[in-house]
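Single-structure report; data block below.
Nothing in this text is a laboratory measurement; each read-out follows from the coordinates by a stated rule. All values derive from a computational prediction rather than experimental measurement. Neighbour counts run over all protein chains shown; Cβ positions are idealised from the backbone, glycine included.
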Amino acid sequence: MTKKEFLLELQRVLNGRIGSREAANYVSYYQEYIEIEVRKGRNEEEVTKELGSPRLIGKNVADVFEQKARKELRSKAFLEYKDKFCQYGAILGRKCAVLCRQAAGRAKGWFGRL
């Protein structure tokens, strides 16, 4: 497979999964890698064969990209609701303290009657 064929296939797979802007960075990386290896004296077919299937590379890159995007969304959602979680925690803490004082008072009264 030539460099051009490899890069076109990789671009096609990535564009369908992560968008052209993000895909361009990955395609550029592989293009530069192939060009460096060719300058070292290797031929394009040898380098692309060693890299493997551009479809598989694209799938793996897209999977990692999508996992990072999901993680960022979860982090953002957590930060948005963090204050609410803290407020609920404070409310529960106060309610627990009140209930504990009431229970201690009842227990003290019960033990006093014994």
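Label-to-label distance for residue 94 and residue 107 is 2.4 nm, based on points extended 7 Å past Cα in the beta-carbon direction. Too long at a 22 Å Cα-Cα cut-off: which of 49/71; 3/68; 3/49; 4/49; 3/40; 71/95? Listed pairs above 22 Å: 49/71; 3/68; 71/95. Relative to the longest principal axis of the Cα atoms of the chain, helix 20-39 runs at roughly 50 degrees.
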